[in-house]
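Contents: one structure, followed by commentary.
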Amino acid sequence: MTRRLVPALLAGVLALGLAGCSDTKEAVSVTAGPTASAAPANGTAVDAQTFAEAAKMPGTTIIDVRTPAEFAQGHLEGAVNIDIEGPDFQSQVAQLDPTAPYAVYCRSGNRSGAAVSFMTANGFSEVYHLTGGIGAWEQAGGQFVTG
């Protein structure tokens, strides 16, 4: 009887162990899931989950500061493309409402960090960016669209 009980117990422990390893974390999204109760601090870098929750706050504009070619390969739903390397970046940003909330991202977080620094230096009061860029977003299971 002990010989039959040991394999059964081992099988049960293995099944529980595998169940504990399953990833039930939902993908981050700018359209589904929870909405933040407050925007991140002005000028800060936030993780994908925080970015997703904050980007759903009313009035938030999502800005992708990558090139138009990068944007076409895949971007967050509803994002506006304002290429930080484009000759009209500063004039496009100047047309934005500096009191409105902005969620900014790029490929890795470098360009979005520079964009946020520029925006905060020019009076924007609710702007933050995605740490690790769209790469971190994708790694967190984030949704994006192409075209």
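The values are calculated or read from the model by the stated rules, or taken from the named source; none is laboratory data. Remember, predicted model here, so these are calculated numbers, not experimental data. Note that we place each Cβ from the backbone using ideal geometry, even for glycine, and neighbour counts take in every protein chain shown. The accessibility values were calculated without ligands, DNA or RNA, using every heavy atom of the protein model including side chains. Shrake-Rupley method; radii C 1.70, N 1.55, O 1.52, S 1.80 Å.
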(message) With the crude spin-label approximation of a point 7 Å out along Cα→Cβ, what separation in nm comes out for SER108 versus VAL80?
(response) 2.8 nm
(message) Around ALA41, under 15 Å between beta carbons, what's the net of Lys plus Arg minus Asp minus Glu among the other residues?
(response) -3
(request) Could you please report the charge total around GLU85, scoring K, R as +1 and D, E as -1 over all other residues with beta-carbon less than 11 angstrom from its beta-carbon? (result) -1
(request) Go through 73-81, 92-100 and give me the packing order, highest mean Cβ count within 10 Å leading. (result) 73-81, 92-100
(request) Using θ = phi - 60° and the Karplus relation 6.51 cos²θ - 1.76 cosθ + 1.60, list the HN-Hα couplings for segment 109-122 in order, rounded to whole Hz, with x at every Gly or Pro. (result) x, 6, 5, 5, x, 5, 5, 5, 4, 4, 5, 5, 5, 9
(request) Determine ³J(HN,Hα), in whole Hz, for all residues of segment 127-142 in sequence, where each value follows from phi through the Karplus function 6.51 cos²θ - 1.76 cosθ + 1.60 and θ = phi - 60°; x replaces Gly and Pro. (result) 9, 8, 9, 8, 4, x, x, 5, x, 5, 4, 5, 4, 7, x, x
(message) Could you give each residue of segment 69-79 its phi-based ³J(HN,Hα) in whole Hz, using Karplus coefficients 6.51, -1.76, 1.60 with θ = phi - 60°, and x for Gly or Pro?
(response) 5, 5, 4, 5, 6, x, 8, 5, 4, x, 5
(request) Pop the C-beta distance of GLN143 and ALA69 into the FRET formula with R0 = 25 Å and round what comes out to the nearest 0.05. (result) 0.75
(request) Express in whole angstrom the spacing between the alpha-carbon centres of segment 95-145 and segment 26-41. (result) 14 Å
(message) How large a share of the accessible area of segment 42-143, in percent, is made up of carbon and sulfur atoms when the probe is 1.4 Å and the other protein chains stay in place?
(response) 49 percent
